[in-house]
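Novice: Sharing a structure, written as structure tokens. Questions coming.
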Protein chains: 2
Amino acid sequence: MTVDALAAAVREVLGPDQIITDRSRLRTYECDGLTHYRVVPGIVLLPRTAAQCAAVVRACVAHGVPFVARGSGTGLSGGALPHADGALIVTSQLRSIVEMAPQDERAVLEPGVINLQVSRAANPHGYYYAPDPSSQQICSIGGNVAENSGGAHCLKYGFTANHVTGLQIVTPDGDLVRLGGRAPDAPGYDLLGAFVGSEGTLGIATEVTVRLVRLPETVRTLLAAFAGTDEAGAATSAIIAAGVVPAAVEMMDALAIEAAEAAVHCGYPEGAGAVLIVELDGPAAEVDAQFAAVEQFCRRHGAFEIRIAADDAERALFWKGRKSAFAAVGRISPDYIVQDGVIPRTALPQVLTRIGELAREHGVRVANVFHAGDGNLHPLVLFDEAVAGQAERAEAVSGAILDICVEHGGSITGEHGVGVDKAKHLPRMYSEEDLDTMQLVRCAFDPRGLSNPGKVFPTPRLCGEVPGRRKGPNPWHDAGVEVF
Amino acid sequence: MTVDALAAAVREVLGPDQIITDRSRLRTYECDGLTHYRVVPGIVLLPRTAAQCAAVVRACVAHGVPFVARGSGTGLSGGALPHADGALIVTSQLRSIVEMAPQDERAVLEPGVINLQVSRAANPHGYYYAPDPSSQQICSIGGNVAENSGGAHCLKYGFTANHVTGLQIVTPDGDLVRLGGRAPDAPGYDLLGAFVGSEGTLGIATEVTVRLVRLPETVRTLLAAFAGTDEAGAATSAIIAAGVVPAAVEMMDALAIEAAEAAVHCGYPEGAGAVLIVELDGPAAEVDAQFAAVEQFCRRHGAFEIRIAADDAERALFWKGRKSAFAAVGRISPDYIVQDGVIPRTALPQVLTRIGELAREHGVRVANVFHAGDGNLHPLVLFDEAVAGQAERAEAVSGAILDICVEHGGSITGEHGVGVDKAKHLPRMYSEEDLDTMQLVRCAFDPRGLSNPGKVFPTPRLCGEVPGRRKGPNPWHDAGVEVF
């Protein structure tokens, strides 16, 4: 068996504690944060250095074994779903902060470093790392690079792609190469940008150089309660239209609030059909002036209660409800799908109305928790697996939400990635020619199709084929993957 | 002759006024802004639509004719240098603003639209287009995309790559495809990012969707005079270290000031060894508070005179000296090389000192005019072609400056691109494996090597070759190009 041959080969570069072949231990790695797709990997390998990582990839190439990279396994699109006959290369042992260089506003990190750790290390120097996915306490920088992770504050600060200036990667051939550097921009193709968000299909990052951002002089946070999402949406539009760029503008609708209250007792205003959390950061003079404007916009658009965080503790309480919302939905529904789509901010009211209609038509409930400021929706479609037909209806609603996003000029994913889950939806946005053009890059880097195969693209291109386009469904849906 | 066959073929899609074959008219296109490389193109084609542009590229492919795209021809690295046996595809006839959508903070543009026109069209809606190369009155958006153009304000607002969210391109195969869209981020590979700055080697942009930025509430500009660049550099570092992000921080040294005075009589303070122009923009409350801090930092680091622009006219005068500096150098030297490199801001004092030593050792003068805030140097190396040996010494100094930049963790180009001029320098930054990895993308998109051949890469890869690496000099330097 090829995986056995691979196991023998990697024993030359890895210690016995870096190789997992025992079935019960392999099962630990069968899924990432998208738990309804599960595949037990053929073998798990835990390199400790970039050189080991490159050697492992070369061994996979030599034995024709597909490989999947995994960080902390918190991804929500199944990007780190293993391959049954393949290797899962876990980068969490590459966990050193190589260098903190606050004077140049840079940090050099191994991929297994935890997102929040970077800010903790930078804070004493007056800096932090801006991209803040909800999973920031456990997700790794390598995973953030693979998925181009966002977070509540990417409205003002941008995605992971806006904060990575250099990478060392192992290519799908097993070469160690450098892309970019410390300078804000490097000559030649921006392969750095193409690699960030490539979801493991172009290789594995073994070192990541990131920007550090100055800690703001002031942070002020407000929670505003509205009768419904229309009013909260109008307030959001008014804030942005006035030229204010808050660090974050987050919205939760009635159902999301109900879930958060049940789970963490965040004490949001009673009777709210929607709440907005607006956070401003920056120089105190600016924040103070803009904060007053934000408050006015909220009142003018119907906010019936506004609370201003008096201190860090109250601010943390505002965020607690928001950050716990996904998990909290488990309190009010046995099962749910976390959807992720983007729309132009100006389309917010129409799109929320359409989602509501869609939910009623299909007899399912949808809770909305989202980054309102940048139009990044996270509808949570609730269902009960035990009730016949509900899962299918929830799946249909979830898919239809993406159609609505695309119709309004948006996108099928904002920050969770395509992975295995959304590959089938990619043709909603791109023509066959567009997708073939993307696959030119895939085939150039990975002509054998060994680096995270079956992810991102709906119809994998056989890299030998020139323009003859192979058609077929996502291989995961007809290749024995347990879909829960 | 293949160019004749191409001319016959394109007559089916282009009118006679869109095809130039007359030698004297072809000569108009023999160079771009980098005037010491000149090649008369085989034919010039002027498509008026994206479909015509695609048809022209397909005709080039069918006849095996290399093609080079050109916008306004203001580039400073020879990226639009024609091919003697090839077609020059000029995009300046594609010059419509397709859509202004200020409510979504987007504009959709044809590639021939002039940079400044975008801001002019957006201004009445309260928006502008942020990237502002010095040539903004004549350079085109298509050329900005090809070169990933910067400008004085990219310290705060970023490069062209940070402002393009969608493209329609003609691939080197002649397919029209879409990359990205209106949403801030699109699923799949970020080919948009790889295309922006690819200097015409991955195809031709036929439609560009850009972000519009809100006009700031206030702009305030200060001019500070120092004894020398050390003091001005220290003031720059202090401003940034305090967490202030000005819209621009520009520095000119004594020689650059002398040139500007001779040319435009900008009336900068007498006796200045260096001047800083610092511009802050944003909410009035923030700008006022930070402006006071900037003034203090300048005084604390030795500014002996500080002028604050009282109105737009005075602000324009401050900028006039800076913006005219490159051309002004012609007043004090018959010939000069405009260099472009990047260094970490913290290395500014050491690097300026080394450049000064280098100039003295080689007996040439170097004027420094640059974006101090982001460490983007533009040393102007002065020489006299008529004095034997001076051109060679100037070239040697100019090249050595790039070595200094790379040694200090910087890059061989900040915003002018690699083009034909710096291809030879790329191995100073990248290993052979790094460059081969970039060429994977080139070969995937352009396996025939017809799209702007001989640019960017020092050793073009024959795309059939798998890893056997062909070695050789830049083909421009041994293929009959007139190098002036």
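Derivation of every value follows stated rules applied to the coordinates shown; laboratory data play no part. Just so it is clear, the structure is predicted and the values come from calculations on it, not from any experiment. Note: ideal-geometry Cβ built from the backbone for every residue, glycine included; neighbour counts use all protein chains shown.
Novice: Please identify the GluC sites (Glu not before Pro) of the stretch A:138-237 that satisfy two criteria: DSSP loop assignment and at most 16 other Cβ atoms within 10 Å. Which are they?
Specialist: Numbers: sites: A:GLU147, A:GLU199, A:GLU207, A:GLU217, A:GLU231; in loops: A:GLU199, A:GLU217.
Answer in residue order: A:GLU217.
Novice: Taking a ≥ b ≥ c as the square roots of the Cα gyration tensor eigenvalues, with a/c under 1.5 meaning rounded and otherwise prolate when a/b beats b/c, else oblate, which class fits the stretch A:333-417? Before the final figure, lay out each step's value.
Specialist: On the way: a/c = 2.11, a/b = 1.77, b/c = 1.19.
In terms of gyration-tensor shape, prolate.
Novice: Specify which residue in the list B:TYR189, A:ILE401, A:LEU109 is farthest towards the positive end of the charge dipole of the protein assembly as shown, using unit charges on the beta carbon of Lys, Arg (+1) and Asp, Glu (-1), about the Cα centre.
Specialist: Towards the positive end, the residue furthest out is B:TYR189.
Novice: Over the alpha-carbon set of the stretch B:2-90, divide Rg by the Kirkwood Rh and report the Rg/Rh ratio to two decimals.
Specialist: Reported Rg/Rh, Kirkwood definition of Rh: 0.95.
Novice: Can you work out ³J(HN,Hα) from phi for every residue in the stretch B:245-252, in order, using Karplus 6.51 cos²θ - 1.76 cosθ + 1.60 and θ = phi - 60°, giving whole Hz and x for Gly and Pro?
Specialist: Calculated HN-Hα couplings, in order: 10, x, 5, 8, 9, 10, 10, 10 Hz.
Novice: Under a Cβ-Cβ limit of 4.7 Å, which cysteines in chain A have nobody to pair with?
Specialist: A:CYS31, A:CYS53, A:CYS60, A:CYS139, A:CYS154, A:CYS266, A:CYS298, A:CYS405, each lacking another Cys Cβ under 4.7 Å.
Novice: Among DSSP beta bridges lying fully in chain A, give the percent that are antiparallel, nearest 5.
Specialist: Details: 60 of 68 bridges.
Looking only at bridges with both residues in chain A, the antiparallel portion is about 90 percent.
Novice: Where does chain A land at 222 nm, in deg cm²/dmol rounded to the nearest 500, when only DSSP H runs of n ≥ 4 count, each adding -39500 (n - 2.57), divided by all residues?
Specialist: Numbers: 15 runs with 160 residues, N = 484.
Calculated from helices alone, the mean residue ellipticity at 222 nm is -10000 deg cm²/dmol.
Novice: I want the local charge near A:LEU358. Using Cβ-Cβ distances under 15 Å, sum +1 for each Lys or Arg and -1 for each Asp or Glu among the other residues. Working shown, then result.
Specialist: On the way: positive: A:ARG354, A:ARG360, A:ARG365, A:ARG393; negative: A:ASP253, A:GLU357, A:GLU361, A:GLU392, A:GLU395, A:ASP403, A:GLU407.
So the environment of A:LEU358 carries a net charge of -3.
Novice: Pairs to check: B:LYS320/B:LYS424; B:LYS156/B:LYS320; A:LYS156/A:LYS455; A:LYS320/B:LYS156. Give those whose C-alpha atoms are more than 26 Å from each other in this structure.
Specialist: Numbers: B:LYS320/B:LYS424 34 Å; B:LYS156/B:LYS320 21 Å; A:LYS156/A:LYS455 30 Å; A:LYS320/B:LYS156 32 Å.
The answer is B:LYS320/B:LYS424; A:LYS156/A:LYS455; A:LYS320/B:LYS156.
Novice: Count charges around B:TYR127 for me, please; just the other residues with Cβ under 10 Å from its Cβ, Lys/Arg as +1, Asp/Glu as -1.
Specialist: +2
Novice: Can I ask one more? Past the 24 angstrom mark, what percentage of all C-alpha to C-alpha distances in the stretch B:216-328 do you count?
Specialist: 19
Novice: So, one more: For the stretch B:73-123, give the magnitude of the charge dipole about the Cα centre (Cβ charges: +1 Lys/Arg, -1 Asp/Glu; no others), in debye to the nearest 20.
Specialist: The calculated dipole for the stretch B:73-123 is roughly 160 debye.
Novice: Another question, if that's okay. For the protein assembly as shown, what percent of Cα pairs sit more than 36 Å apart? Please report the intermediate quantities before stating the final value.
Specialist: Details: 239723 of 468028 pairs.
For the protein assembly as shown, the share of Cα pairs beyond 36 Å comes to 51 percent.
Novice: Another question, if that's okay. Treating only the Cβ of Lys, Arg, Asp and Glu as charged (+1, +1, -1, -1), what charge dipole size does the stretch B:97-214 show about its Cα centre? Round to the nearest 20 debye.
Specialist: The dipole magnitude comes to about 420 debye.
Novice: What is the magnitude of the charge dipole of the stretch A:356-433 about its Cα centre, with +1 placed on the Cβ of each Lys and Arg, -1 on the Cβ of each Asp and Glu, and no other charges, expressed in debye to the nearest 20?
Specialist: On the way: 6 positive and 13 negative charges, 30 e Å.
Here the stretch A:356-433 has a charge dipole of around 140 debye.
Novice: On to the next question. Helix B:254-264: angle to the longest alpha-carbon principal axis of chain B, degrees 0 to 90, nearest 10?
Specialist: Result, in degrees: 70.
Novice: Still on this structure, please answer the following. List the residues, sorted by chain then number, that are 5 or more residues from A:THR218 or on another chain and whose placed amide H is less than 5 Å from its amide H.
Specialist: A:GLY282, A:ALA284
Novice: Taking each pair of different alpha-carbon atoms in chain B once, compute 1/r for the pair, average those values, and report the inverse of that mean as the Kirkwood hydrodynamic radius in Å to one decimal.
Specialist: 23.3
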